[in-house]
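Below: the structure, in structure tokens.
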Amino acid sequence: MEWLTHQWGKFVFFDAWMMVVAEWNPTLMLVVIFLFTLGFGAHHVQMSSVWIAAGISIFSAFIGRVTNEPVGRLIQRLRPFEAMSFSPLVSHERGDSFPSNHATGAFALAVPFLFVSDYWVILFALALLLVISRMYVGLHFVTDIIAGLSVGMCVALFFSWCIFVV
């Protein structure tokens, strides 16, 4: 984290880009999923599978968030900017850094699309970009991200398996 904060200001455009990604990427992921449900980029894809994946992804993100709440309240981990006394690049309330809700949501949104053509590549790229940005701007430690993406992936894989495999 110290290394990251020492990078701030060296590449102003990169800092600004990371700030935008950290704030707006979840919305972008939802817009991309919405566009998929409208058939954008559909090549030999059953649209019913896209709609099912979209439903699973949103439901999984919700369940992941509900799962994270008691864990965060139990652990009460400080955010990096609190623990290390610096101002993050984006404003954020204090407390409950572990696990990362953004990582949970991003990977919960992406995983169900593993079962639907090549859509997953775009969503996984956006999810990775989001978690990197959340660390870069000083809101999460790497372990917060790993825990969050693990929750999101596990929940989404479970529900995807229930629907697509069983």
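The values are calculated or read from the model by the stated rules, or taken from the named source; none is laboratory data. None of these values were measured; they are calculated from a predicted model. Neighbour counts are summed over all protein chains in view; Cβ atoms, including those assigned to glycine, are modelled from backbone coordinates with ideal geometry. Heavy atoms of the whole protein, side chains included, go into the accessibility calculation; ligands, DNA and RNA do not. Shrake-Rupley method; radii C 1.70, N 1.55, O 1.52, S 1.80 Å.
Of the conditions (1) charged (D, E, K, R); (2) within 15 Å of Arg65 (Cβ to Cβ); (3) at pLDDT below 95, Glu82 satisfies every one except a single condition; which number is it?
Unmet for Glu82, out of (1) charged (D, E, K, R); (2) within 15 Å of Arg65 (Cβ to Cβ); (3) at pLDDT below 95: (2).
Among the residues of the range 88-106, which ones are open to solvent by 10 Å² or more (accessible area, probe 1.4 Å) and under 8 Å from the mean Cα position of the chain (by Cα)?
Asn101, His102, Gly105
For Gly72, work out the one condition from (1) assigned to a helix (DSSP H, G or I); (2) over 23 Å from Ile146 (Cβ atoms); (3) of a type outside the set (A, V, I, L, M) it doesn't fulfil.
Status for Gly72: all satisfied but (2).
Within the range 87-121, which residues are in contact with a helix residue (DSSP H, G or I) (Cβ under 6 Å, 6 or more places away or on another chain), over 19 Å from Met18 (Cβ atoms) and not aromatic (Phe, Trp, Tyr)?
Arg94, Asp96, Pro99, Thr104, Ala108, Leu109, Ala110, Val111, Pro112, Leu114, Val116
Check Ala53, Ala125 and return the single one that is part of a helix (DSSP H, G or I), hydrophobic (A, V, I, L, M, F, W, C), open to solvent by less than 30 Å² (accessible area, probe 1.4 Å) and closer than 21 Å to Met153 by Cα.
Residue meeting the stated conditions: Ala53.
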